[in-house]
Every structure is written in structure tokens, then in C-alpha cells.
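Since the structure comes first, as C-alpha cells, the remarks are kept for the end.
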Amino acid sequence: IMIHGSPGDGSNFNELAPELTARGWRVMAPDLPGFGASRGDVPSYSNLAHARGLLAMLEALAIERAHIVGWSNGGAVGLWMADLEPQRIASVTLLVGTGAQHTEGSGSYWFEHAKYGFGIATLVVGAELVPHFGLLGPRQMRWAFLRNFWDSDQRPLAAIMAELETPTLILHGRKDFLIGVWAAREHHRIMRSSRLVVTPGGHFMPFLTPRETASHLAPFLARHDAREVMPLIQIAE
């Protein structure tokens, strides 16, 4: 299950998914509620709500166990899924993914929420009062993107990551300008069941280096397709 970031939708994996299906994996890349073709307002756009929604999807599709690949803000969704129903999650990959609050932006929950609150006021509400000729994108996209961050609380994630036993691959680009590679190293330090792989790339690995990205994902997924296989605790840079 590939989880897109914010803003984004399932089509973000149009290059990466075929690389994995060619290696024999069944890949699903849904649009999260409120994003892409999943239009319309929802009660909560939080990463926790998205995690619950995806777990409900697995239940509805009778998928007993799945690997989770969370790109960017989708990483936090994957962590919540593993916390809520660890028996259903075979592995988690943080693909240049978000995690602990202190690695996000300024590191301050209150400053980050003030920032996104200002974004809602200006880019959603204010933008409807002045002509922007579509340059800001559809209103629903702006609303979902900003609400996703506004509704989410990453403060519990550090404790969750420290206790998580689900095998985790932290795959990060050294040139990522949105989530610095130091955050990936910090996540690896926190997570006892993680393997850290740092590539020469940046934040947009699913688009720009799909084959290389799949080459790291495929052996990790294969290793943990069976239950109770010990995770590799190592760093590859």
C-alpha cells in the first residue's frame, strides 16, 4: 500500500508502482480522503484519521497483511497504521517520510500549527476574495493539503516509533530540501527495528529515481513478507 504525501494523490506513484509490479508485487496507491478523486469534505484530514481509513480499506478488501510505503507526509500515516494494528502491517517504509514532531519544520507543534492556520486563512479563505486565475490550484486541493497538517498531531509519534516492533526501512535522499537527512538519522536512532538507507537523491524519489527506489524497496519487502523475520538494524550511506 503506497501512501502519498500532501498535497498529492495516488498518481504520485505512477512511475514507482510499475517498477514494483514488474518485480511481482501487487501495488495499491489510493487517494486519501479529500485528495485526488476522493473529493468532498471529510470530518478529519489528520494522519491518524487517514490511517484508520486505510485500515478500514484493508478490512473491506479482506487484505489480512500488507507492506506500507509512506512517501513524505504519508510516512506518518504508515506509522499510525502500524501502531493501531501491528498484526496487519508486514513492514513500514518511510520514503523520505515525516515522523517525530521535533524533526518537522521548526520542530514546534504550536509554530507549525500557526503556520498552517495562516495558510488556511490566506490560501483558502483569502484566495477566494481576490482573482488568482487558477494559479493556486483547485480550492479543494489547497483545503485538503492545509487541513492535513492542521488536523495532524505528530507529538505522539516519537514514543510510538520508540516502541514499534514492525520492521521499518527509512529510505531518504541526501539532497532532500524539505525533510533534511538529519531527520532520517534521528528516526533511525529512535526506532529499534529500522534500517536506514541514504541515497544521493532528493525528496521526489518516486518521480525522479523510481528504478533505484524500487531496487531498495523490493529486497526489504521480500525479506519481511514472511512473519517474524528479524529486521536488519543497520545504516547504508
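The values are calculated or read from the model by the stated rules, or taken from the named source; none is laboratory data. Here the structure is a predicted model, which means the values were calculated and not measured. All Cβ positions, glycine included, derive from the backbone under ideal geometry; neighbour counts span all protein chains shown. Each accessible area value is taken on the protein alone, full model and side chains, heavy atoms only, with ligands, DNA and RNA left out. Shrake-Rupley method; radii C 1.70, N 1.55, O 1.52, S 1.80 Å.
List the residue pairs whose Cβ atoms are under 6 Å apart, where the first residue sits in segment 91-113 and is within 11 Å of LEU171 (Cα to Cα), the second is of a type in the set (Phe, Trp, Tyr), and the two are 6 or more positions apart or on different chains. Cβ pairs passing all conditions: LEU95/TRP71. Applying the criterion of being in contact (Cβ under 8 Å) with a residue 60 or more places away in the chain and open to solvent by 40 Å² or more (accessible area, probe 1.4 Å) to the residues of segment 1-17, the residue that is nearest to ARG142 (Cα to Cα) is PRO7.
Of the set (1) at pLDDT 95 or above; (2) over 15 Å from the mean Cα position of the chain (by Cα), all apply to ARG227 but (1).
For segment 18-36, the candidate set comprises residues that are open to solvent by less than 20 Å² (accessible area, probe 1.4 Å) and over 15 Å from the mean Cα position of the chain (by Cα); within that set, the residue that is modelled with the lowest pLDDT is GLY34. Contact map, segment 222-237: first residue at positive phi, second residue modelled with pLDDT under 85, Cβ cut-off under 8 Å, separation 6 or more or different chains; the map is empty.
Restricting attention to segment 54-88, and to residues there that are β-branched (Val, Ile, Thr) and either in contact with a Cys (Cβ under 9 Å, 6 or more places away or on another chain) or open to solvent by less than 10 Å² (accessible area, probe 1.4 Å) (or both), which single residue is nearest to MET205 (Cα to Cα)? Write out each step before concluding.
First pass over segment 54-88, keeping only residues β-branched (Val, Ile, Thr): 63, 68-69, 77.
Still in the list and also either in contact with a Cys (Cβ under 9 Å, 6 or more places away or on another chain) or open to solvent by less than 10 Å² (accessible area, probe 1.4 Å) (or both): 68-69, 77.
Numbers: ILE68: 16, VAL69: 13, VAL77: 18 Å.
So, considering only residues that are β-branched (Val, Ile, Thr) and either in contact with a Cys (Cβ under 9 Å, 6 or more places away or on another chain) or open to solvent by less than 10 Å² (accessible area, probe 1.4 Å) (or both), the one nearest to MET205 (Cα to Cα) is VAL69.
Taken together, the criteria exclude GLY202 from residues that are open to solvent by less than 30 Å² (accessible area, probe 1.4 Å) and free of Cβ contacts under 8 Å to residues at least 12 places away in the same chain.
Residues that are surrounded by 21 or more Cβ atoms within 10 Å (Cβ to Cβ) and either in a helix (DSSP H, G or I) or β-branched (Val, Ile, Thr) (or both) occur at least once in segment 95-109.
Among the residues of segment 37-53 satisfying the criterion of being among the aliphatic types (A, V, I, L, M) and open to solvent by less than 70 Å² (accessible area, probe 1.4 Å), which is farthest from ILE179 (Cα to Cα)? Give the steps one after another, and end with the answer.
Applying the first criterion (among the aliphatic types (A, V, I, L, M)) to segment 37-53 yields 37, 42, 48-49, 51.
With open to solvent by less than 70 Å² (accessible area, probe 1.4 Å) added as a condition, the list becomes 42, 48-49, 51.
Numbers: VAL42: 27, LEU48: 20, ALA49: 23, ALA51: 21 Å.
Step by step, filter segment 37-53, then rank; the result is VAL42.
Looking at segment 188-195, is at least one residue modelled with pLDDT under 95 and either crowded, with 22+ Cβ neighbours inside 10 Å or on the phi < 0 side of the Ramachandran plot (or both)? Spell out how you get there, then give the answer.
Here is the first cut: in segment 188-195, the ones modelled with pLDDT under 95 are 192-193.
With the extra rule that they be either crowded, with 22+ Cβ neighbours inside 10 Å or on the phi < 0 side of the Ramachandran plot (or both), the set shrinks to 192-193.
Yes.
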